[in-house]
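Below is one structure; the comments refer to it alone.
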Amino acid sequence: ILVKGIYELWGEGGSYEELEEAVKSYPDERKLPYLGSESTFKITVDSFGKVMSLLEQNERIRGLSYIPFKGRVNLKNPDHNFWLMETDDTATNNGLPPVAQRRIFFGREVGGADRKLLPTYQLKSRNYLGPTAMDAEMAFLMANQAQAARGKLVYDPFVGTGSILVSAAHFGAMTMGADIDIRVVRDGRGPDCNVWSNFKQYGLTMPIALLRADNNLPPWRPGLKEVFDAIICDPPYGVRAGGRKSGGRKLLKGVIGPYTVPDDKRADHIPSTAPYSLAECVHDLLDLAARMLVIGGRLVFFYPMSREEDSCEDHFPEHPCFELVATSEQILSSRYSRVLLTMVKTSSYTEELALAAWMKHLEFKENHSKWLEEGNNLHSSVFSPADVHHSGDSKLSKESKPKYRGKYV
C-alpha cells in the first residue's frame with residue numbers, strides 16, 4: 001500500500017547530460033527487448049519536491065530521443081511503462097524530507113502498487129460507519145502486516161463496523177469478528193446498513209460469523225485452539241471509546257451475585273458492562289492469541305503512547321509465546337501517537353507459559369499504573385490544550401477548554 005512502484009533503473013545523473021551518458025552505457029541486451037517495434041510503450045514524468053507543468057513534462061520526454069524506441073505509443077494500456085523521475089534541490093521542500101542534491105532517474109516499471117484501492121474503500125463512501133472506524137489505508141497496512149491472504153482465517157475481537165475485516169477480505173482471507181455490543185454486530189442501523197452491508201458494498205466474501213463476545217470472557221470451548229492464522233484489531237484505549245467488559249460495577253465488587261438471563265428475555269437482553277482497563281484488555285488479547293493462533297500466525301494491534309517529554313514509553317506488552325517483529329509509530333499529534341505492534345507466534349500455548357505470561361502481565365500492569373500516576377494520562381494528552389495557563393480571566397479560561405488534538409484516533 002505504501003510502495004508506489006518497483007523500477008529497473010537504466011540510468012541516473014545530476015543533470016540530463018549525465019543521465020544520457022548513463023542510459024547509453026546501460027547494456028543493450030537489457031534494453032532492446034523492451035524497445036522493439038512489436039510492443040507499445042508510455043513514458044511517465046514524475047517529480048519529487050516540485051510540480052512540473054505539462055509543457056515541461058513534454059520537453060523532458062522529447063529530450064529522451066537518444067533512446068531507440070521503435071514501438072507505438074499507447075497511453076492507456078502500454079506493454080511497457082517507462083518513468084523519468086526528478087528530485088529537486090530547492091531549499092523549500094513543502095514539508096517533505098530535504099533532498100541532498102538534484103538527481104534524475106530513468107527506468108522501466110517492473111510493477112506498481114494498487115493505490116486505487118484507497119479511493120474505492122475510503123470511509124466517506126462506506127455504508128456503515130462508527131466513531132472508531134479504522135481509516136481505509138491504515139486497515140490495509142494492518143492486513144499487510146498480518147499477511148492476510150487467500151485461504152487464511154483472520155479474526156478481529158473488537159470488530160465494530162468491520163473496517164479491518166473488509167481489508168483482510170479484499171486480500172482473499174476468510175474473516176470472523178466479535179464485539180461486546182450486540183447492537184453493533186447484529187442490528188447496525190437497519191437491514192441495509194450494518195457490518196454485512198459493508199461486505200456487500202464491495203462484493204467481498206461475507207464473514208464466517210460475527211459474534212457477541214467479551215474479550216475478557218472468550219466464548220471458545222476448552223478443546224478449541226490454534227484455528228486463526230491472524231488476529232488483527234484496534235483495542236479500545238479510552239480516547240474516543242473506553243473499553244468495556246461484562247459484569248457491571250456491583251457484580252465486580254461482589255455486592256450482587258451473577259445474573260442469569262431468563263430464556264424469554266434472551267433475544268433482546270443487553271448485558272450490563274463495566275470499565276475495562278487497557279492493561280487488562282491487552283493481557284486478555286495476548287492470552288487469546290496465544291491459545292487460538294497457529295504457530296507462525298500473526299497478532300497485529302495498535303498500542304497508544306503519550307509523546308510528552310520524559311514520559312515516552314518504550315516498553316510494550318510481552319508474551320512468552322510471541323516474538324515482536326515490528327513496531328510502526330503513527331504520530332497523531334505533538335503529544336499523542338499509537339504504535340502498530342506486529343507479533344509472530346513462536347511457541348505453543350502451555351500452562352507453564354500461561355503462568356509466565358501472567359507474571360509479565362502483573363509487571364506490565366504495575367509499570368502502566370505508575371506511568372498513569374505520574375500524570376501521563378492518554379485522554380488528557382489528546383484532549384487537553386498543549387499549554388494551560390490558569391487565570392481568573394473568563395476569556396482565557398474559555399480559550400483553554402479541552403480541544404481534540406488527535407487525527408484518525
How many residues are surrounded by 16 or more Cβ atoms within 10 Å (Cβ to Cβ), in contact (Cβ under 8 Å) with a residue 60 or more places away in the chain and β-branched (V, I, T) when one looks only at the stretch 1-58? 2
What strands (runs of 3 or more DSSP E) completely inside the stretch 267-361 contain at least 3 residues that are among the β-branched types (V, I, T) and in the same structural domain as A139 (by the TED database)? 293-306, 322-331, 336-345
Could you list all residues from the stretch 108-139 that are outside any helix (DSSP H, G or I), small (G, A, S) and surrounded by 12 or more Cβ atoms within 10 Å (Cβ to Cβ)? G112, A113, G130, A133
Expected single match for open to solvent by less than 70 Å² (accessible area, probe 1.4 Å), modelled with pLDDT of 90 or more and closer than 21 Å to L9 by Cα among I164, I67 is I67
Take the residues of the stretch 173-215 that are surrounded by fewer than 21 Cβ atoms within 10 Å (Cβ to Cβ) and among the hydroxyl-bearing types (S, T, Y): which is nearest to the chain's Cα centre (by Cα)? Y202
Considering each residue of the stretch 144-157, count those that are in contact (Cβ under 8 Å) with a residue 24 or more places away in the chain, in a loop (DSSP other than H, G, I, E, B) and surrounded by fewer than 21 Cβ atoms within 10 Å (Cβ to Cβ), and give that number. 3
Counting only residues that are at pLDDT below 65 and of a type in the set (V, I, T), how many does the stretch 223-249 have? 1
Which members of the stretch 53-64 meet the condition of being more than 20 Å from W10 (Cβ to Cβ) and polar (S, T, N, Q)? S53, N58
Of all residues in the stretch 41-62, which are touching an Asp or Glu at 6+ places or on another chain (Cβ under 8 Å), more than 17 Å from V110 (Cβ to Cβ) and at pLDDT 90 or above? V45, R60
So L252 ticks every box in (1) modelled with pLDDT under 85; (2) more than 26 Å from R212 (Cα to Cα) but one. Which box is left unticked? (2)
Going by the structure shown, is D264 loosely packed, with under 11 Cβ neighbours inside 10 Å and modelled with pLDDT of 75 or more? yes
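Mind listing whichever residues of the stretch 216-231 are outside any loop (DSSP other than H, G, I, E, B) and surrounded by fewer than 18 Cβ atoms within 10 Å (Cβ to Cβ)? Lay out the reasoning, then the answer.
The initial filter retains those residues of the stretch 216-231 that are outside any loop (DSSP other than H, G, I, E, B), namely 217, 228-231.
Within the stretch 216-231, just L217 meets the criteria.
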Of the residues in the stretch 357-379 that are under 15 Å from L286 (Cβ atoms) and open to solvent by 40 Å² or more (accessible area, probe 1.4 Å), the one that is modelled with the lowest pLDDT is K365
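The values are calculated or read from the model by the stated rules, or taken from the named source; none is laboratory data. All values reported here derive from a predicted model rather than from experimental measurement. Using ideal geometry, Cβ is built from the backbone for each residue, glycine included, and neighbour counts are taken over all protein chains shown. Just the protein is used for accessible areas: all its heavy atoms, side chains included, with ligands, DNA and RNA removed. Shrake-Rupley method; radii C 1.70, N 1.55, O 1.52, S 1.80 Å.
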